[in-house]
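One structure is given here, and the rest of the page talks about it.
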Amino acid sequence: MSYVGAIDQGTSSSRFLLFSSETEEVIASHQVETTSHYPHEGWCQQDPKEILSTVLLCIEETLKKCSVDIKQIKSIGITNQRESTIVWDKTTGNHIYPAIIWLDGRTGETVEKLIAKTPSKSKEEFQHLCGLPISTYFSAVKLRWILDNCVEAEKALQEDRLCFGTVDTWLLWNLTGGVKGGVYATDVTNASRTMLMNLSTLQWDDQMCKFFDVPKSMLPEIRSSSEIYGKMKTGSLTGIPISGILGDQQAALVGQKCFKEGQAKNTYGTGNFLLYNTGEKPVFSKHGLLTTVGYQFGKDQAATYALEGSIAITGAAVKWLRDNLGLIKSAAETEELAASVSDNGDVYFVPAFSGLFAPYWQTDARGVIIGLTQYTTKAHIVRATLEAVCFQTREILESMDLDSGIPLNELLVDGGMTINEFLMQLQSNILGINVVRAKMAETTALGAAIAAGRASGVDCWKIKEISSIGKDVFSPKNTDQERDAQFVKWKEAIKRSLGWKQ
Ligand code: ADP
């Protein structure tokens, strides 16, 4: 028997899971919630030390829960929240600024200045190069903000002490030795979320680095998603190779076995991310989607690309109902409450807390709850929150269908929110197609384990093209007219949220 470990460092928690490379089953796992801090309106940051320490804790606690001989653990994969940006001092190993989390909106002004600097004065100026619009979302914009606003970071840059990384790079560097020779690298999927990588060459792009005024010399090396990067130099797994890295959404694409052109998955977590495999060529969207690297299995292999629809706030809106409004005590309660009313009572909630991502890319949008009357109860608001997840997904699916020309006839789903049966049925009703849920919830971690286990030199994982995971299918239970009438109302609510911040 051989095993592969997967580190899954998400926005709301860190996890470690041990998979059997033969059966793809989870043998043991451990999860620890992480803390997000919101020091100002629109800001969201985390402590890089907590990101690292929770990962280390999860590894040790998982090992305690099973009787696996460590020699049978062949490799470790990393999957991570993407775009979140960390800078640290390579001489001390200390971070210089908190991790700026992907959904943080503090860079609104930086975005305006950057757009004004482009020849076309358009956020789409570099989409053909890096696949992304200029937005608060991407790492280079966050890095520019740090260099402009944190004197110590700029000083470290001048003194050649500054390291920049997404969460994968921060973890890889620390786990492989840190100041004592840690490996300073990232993979193509994470690099494709920075705006600094050229989608064709899969290397840092001179024009993009110049535009952001970020010297190439300070950036980590870009490597494939599946190769041996280095060995663990800390904890009980010391000596085991780290041989897979995938951004979390790309890992879910792999975990759902979307290896063929035209296959797609939608992951429901803090936000929602629909990725559509476009094969070995990047396809550029005309309808507000991103172009990104799906995976590259080995340094001599071609990359597989994906079109992506990113929604910033879905599960985070449920968390907001719990933590900010106190309307619910747990996320799970939304299921019963939403089902307790026959409809949304004409209430619509656009949770544009960080502006709107795809397909709008409007940093100036803000949240609205509209349609309130004396009849409205918290059940209606909870239901509107779940419906918002589904309406936003419908907008992405419509863009995806227009870009690909081939409408999806079913949607593969995974992620923390998909445990909610009511939400799944609602999603099928709002889309008018089948929603197919993997019975194994940990598809993101599975993707990282697959990348790590199949790497050259590890070779303990034979990819099964057809998923062995069981599925639940949710089919639409309403009429076209009903779903379209609701969607028209949703679009009206969207109009009201756009431009609020101006
Ligand atoms: P991430 O990978 O982004 O950290 P997860 O996949 O762990 O996210 O999912 C966690 C999110 O799902 C949280 O934002 C939480 O509010 C939401 N969530 C968890 N359980 C439920 C549920 N039963 N119903 C609705 N939302 C849920």
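Any read-out appearing in this document is the output of simple, stated calculations on the displayed coordinates, not a laboratory observation. Bear in mind that the values here come from a model prediction, so they are computed numbers and not experimental data. Here the Cβ is made from the backbone with ideal geometry for all residues, glycine too, and neighbour counts use every protein chain on show.
Things worth noting here:
- Karplus-derived 3J(HN,Hα) values for the range 123-131, using 6.51 cos²θ - 1.76 cosθ + 1.60 with θ = phi - 60°, are 5, 8, 3, 10, 4, 5, 8, 10, x Hz; glycine and proline are entered as x.
- Cβ-Cβ FRET estimate between T238 and E410, R0 fixed at 51 Å, reported to 0.05: 0.70
- For peptides 360-370, 292-302, 59-69, sequence by mean Cβ density within 10 Å, most packed first: 292-302, 360-370, 59-69
- Each of S475, F259, A185 was placed along the dipole of the chain (beta-carbon charges, centred on the mean Cα), and the one lying farthest toward the positive end is A185.
- Of the complete DSSP H runs in the chain, those spanning 18 angstrom or more by Cα along the long axis with a mean Kyte-Doolittle score not below -0.5 are 48-64, 378-404.
- Whether the range 69-169 is rounded, prolate or oblate, judged on the alpha carbon gyration tensor where a/c under 1.5 counts as rounded: oblate
- Centre separation in Å (Cα based) which lies between the range 373-450 and the range 1-51: 22
- For the chain, convex hull volume per residue from C-alpha positions, Å³: 135
- Restricting the GluC sites (Glu not before Pro) of the range 132-180 to loop positions (DSSP other than H, G, I, E, B) with no more than 15 neighbouring Cβ atoms within 10 Å leaves E159.
- Loop-located trypsin sites (Lys or Arg not before Pro) in the range 87-125 whose Cβ has at most 10 other Cβ within 10 Å (DSSP): K121
- Going by neighbour counts of Cβ atoms within 10 Å, the residues I311, I328 line up, fewest first, as I328, I311.
- Ranked list, fewest to most other Cβ atoms within 10 Å of each Cβ, for R437, R483: R483, R437
- Spin-label model distance (nm) - E25 vs E333, 7 Å beyond Cα toward Cβ: 3.7
- Evaluated over the range 21-96, the count of Lys pairs having alpha-carbon atoms less than 26 Å apart is 5 (only pairs 8 or more residues apart or interchain).
- Bridging of K123 to lysines at a Cα separation below 17 Å is possible for K113, K142, K210, K286, once same-chain residues fewer than 8 apart are set aside.
- Partners for K299 among aspartates and glutamates (Cα-Cα distance below 18 Å; same-chain residues under 8 apart left out): D168, D187, E221, E227, E280, D459
- Model label zone, V151; criterion: amide N under 20 Å from point 7 Å along Cα-to-beta-carbon; scope the range 79-120: 87-89, 95-98
- Cα→Cβ-extended label distance, 7 Å offset, between E482 and D323, nm: 3.5
- Sorted peptide list for 214-226, 252-264, criterion being average Cβ within 10 angstrom, highest first: 252-264, 214-226
- Cα-projected label distance for D401 with D343, points at 7 Å along beta-carbon direction, nm: 2.2
- Likely footprinting exposure, H380, H30, H40, fewest C-beta neighbours within 10 Å first: H40, H30, H380
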